[in-house]
Amino acid sequence: MRSIYGDWLNLAVDGWRLAAESQTVIALRMMKLAAGDGAAAAEAQLMIHEKILAAGEAQTQMIADAMTGSAHLAPRRALAHYRRKVRANRRRLTR
């Protein structure tokens, strides 16, 4: 039997990783936006679009989890969802 503390600890570590990865993406985006050119404007628009889309996808998944009796999985799935998005942005911004 697994301890609930292990689950919470793993969730906290995943949240910390998401925060650290997000800071990297924020720094990369700030450098791109600081250029002030056409690519900066496109990045700003993409950033807003991605945030709205990612939030909608996460909300849909959480509602589905709640309706299917899997609400206990929602926090981990939400973190995994956002970590995938952040990693994709980091890869895109470092090319």
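No lab work stands behind these numbers, since they all come straight from the coordinates. A quick note: this is a predicted structure, and the numbers were derived from the prediction, not measured. Here the Cβ is made from the backbone with ideal geometry for all residues, glycine too, and neighbour counts use every protein chain on show.
Relative contact order of the range 4-93: 40 percent, from C-alpha pairs under 8 Å at least 6 residues apart in sequence. Among the GluC sites (Glu not before Pro) within the range 2-60, not one is in coil by DSSP while having at most 14 neighbouring Cβ atoms inside 10 Å.
Think of it as helices only: each DSSP H run of n ≥ 4 in the chain is worth -39500 (n - 2.57), and spread over all residues that comes to -30500 deg cm²/dmol at 222 nm.
Extension gain for ALA35 to THR94 (0.36 nm times residue separation, less C-alpha to C-alpha distance): 19.7 nm.
Between 0 and 90 degrees, the angle of helix 74-93 with respect to the longest Cα principal axis of the chain falls at about 20 degrees.
Once Rg/Rh (Cα atoms, Kirkwood Rh) is calculated for the structure shown, the corresponding label among (1) 1.71; (2) 1.08; (3) 1.02 turns out to be (2).
Assign unit charges at the C-beta atoms only (+1 for Lys and Arg, -1 for Asp and Glu), then state the dipole size of the chain relative to its Cα centre in Debye, rounded to the nearest 20.
On the way: 15 positive and 8 negative charges, 69 e Å.
The calculated dipole for the chain is roughly 340 debye.
Derived scalar couplings between HN and Hα for the range 33-47 equal 5, 5, 5, x, 9, x, 5, 5, 5, 5, 5, 4, 5, 4, 4 Hz in order, rounded to whole Hz, by the Karplus curve 6.51 cos²θ - 1.76 cosθ + 1.60 (θ = phi - 60°), x for Gly and Pro.
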